[in-house]
């Protein structure tokens, strides 16, 4: 099942915001308080914030479609838009989400391959990402793909101080 992956622009703002909120809630609502989740969404996934990110020349969003249905999205950052490392030889994979009803069909790996192609097109040495230390499923997927943990950092979800493992994949 091959995805059609489209680079997003400002015309996709509403679609991006909707899928960002939906996938974030689906992924984290059961393991976080509603207040913390809503505070994070209001701050980090608001229309204004996503618009800022869409207009940032160092960040790129991609929408993923299968049979004309939106199934997920990807966001990557070059320096100086990266959230932590800011190494000009790296690409940050900031967000990679698949809608719940389309998970398990191989769409996530296709988005990951898109990120790898982007990094290779920019002649970068590695891709890195942050993943919540309690998200065992995602960590397993990344480890299976060759990512290794190299650091951790604090991630605030509302008022809840959480830890993200930073993982990287060396490119050849």
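Across region 123-136, the number of residues qualifying as out of contact with any strand residue (DSSP E or B) (no Cβ under 7 Å at 6 or more places or on another chain) and farther than 17 Å from residue 163 by Cβ comes to 1.
If you go through region 161-172 and pick out every residue that is at pLDDT 95 or above and either loosely packed, with under 14 Cβ neighbours inside 10 Å or out of contact with any strand residue (DSSP E or B) (no Cβ under 9 Å at 6 or more places or on another chain) (or both), you end up with 3. Taken together, 113, 94, 121 contain a single residue that is under 15 Å from the mean Cα position of the chain (by Cα), modelled with pLDDT of 95 or more, loosely packed, with under 14 Cβ neighbours inside 10 Å and under 19 Å from residue 61 (Cα atoms), which is 113. Comparison of 10, 5, 19 shows that the only residue that is exposed (fewer than 14 other Cβ atoms within 10 Å of the Cβ) and either modelled with pLDDT of 95 or more or on the phi < 0 side of the Ramachandran plot (or both) is 10. Checked against the criterion of being buried (at least 19 other Cβ atoms within 10 Å of the Cβ), in contact with a helix residue (DSSP H, G or I) (Cβ under 6 Å, 6 or more places away or on another chain) and within 19 Å of residue 25 (Cα to Cα), region 131-142 has at least one qualifying residue. Is it true that some residue in region 132-150 is assigned to a strand (DSSP E or B), in contact (Cβ under 8 Å) with a residue 12 or more places away in the chain and within 16 Å of the chain's Cα centre (by Cα)? Scanning region 132-150, I find at least one residue that is assigned to a strand (DSSP E or B), in contact (Cβ under 8 Å) with a residue 12 or more places away in the chain and within 16 Å of the chain's Cα centre (by Cα), so the answer is yes.
Of everything listed in (1) surrounded by fewer than 20 Cβ atoms within 10 Å (Cβ to Cβ); (2) under 12 Å from residue 19 (Cβ atoms); (3) touching a helix residue (DSSP H, G or I) at 6+ places or on another chain (Cβ under 8 Å), the single unmet condition for residue 102 is (3).
Only residues that are touching a strand residue (DSSP E or B) at 6+ places or on another chain (Cβ under 6 Å), farther than 15 Å from residue 167 by Cβ and touching a residue at least 40 places away in the same chain (Cβ under 8 Å) were counted in region 77-97, giving 1.
Listed here are the residues, each with its yes/no results for (1) touching a helix residue (DSSP H, G or I) at 6+ places or on another chain (Cβ under 7 Å); (2) on the phi > 0 side of the Ramachandran plot; (3) surrounded by 13 or more Cβ atoms within 10 Å (Cβ to Cβ).
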{"residue": "23", "(1), (2), (3)": "no, no, yes"}
{"residue": "27", "(1), (2), (3)": "no, no, yes"}
{"residue": "34", "(1), (2), (3)": "no, no, no"}
{"residue": "41", "(1), (2), (3)": "yes, no, yes"}
{"residue": "45", "(1), (2), (3)": "yes, no, yes"}
{"residue": "48", "(1), (2), (3)": "no, no, no"}
{"residue": "59", "(1), (2), (3)": "yes, no, yes"}
{"residue": "62", "(1), (2), (3)": "yes, no, yes"}
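Restricting region 80-91 to residues that are at pLDDT 95 or above and surrounded by fewer than 17 Cβ atoms within 10 Å (Cβ to Cβ), the residue that is nearest to residue 169 (Cα to Cα) is 89.
The residues in region 151-160 that are in a loop (DSSP other than H, G, I, E, B) and surrounded by 18 or more Cβ atoms within 10 Å (Cβ to Cβ) can be counted, and the count is 1. Looking across region 149-171, the residues that are within 22 Å of residue 115 (Cα to Cα) and touching a helix residue (DSSP H, G or I) at 6+ places or on another chain (Cβ under 9 Å) come down to 149, 165, 167, 169, 171.
The values are calculated or read from the model by the stated rules, or taken from the named source; none is laboratory data. It should be emphasised that the depicted structure is a prediction, and the values quoted were computed from it without experimental measurement. Counting neighbours? That spans all protein chains shown, and the Cβs are built from the backbone with ideal geometry, glycine included.
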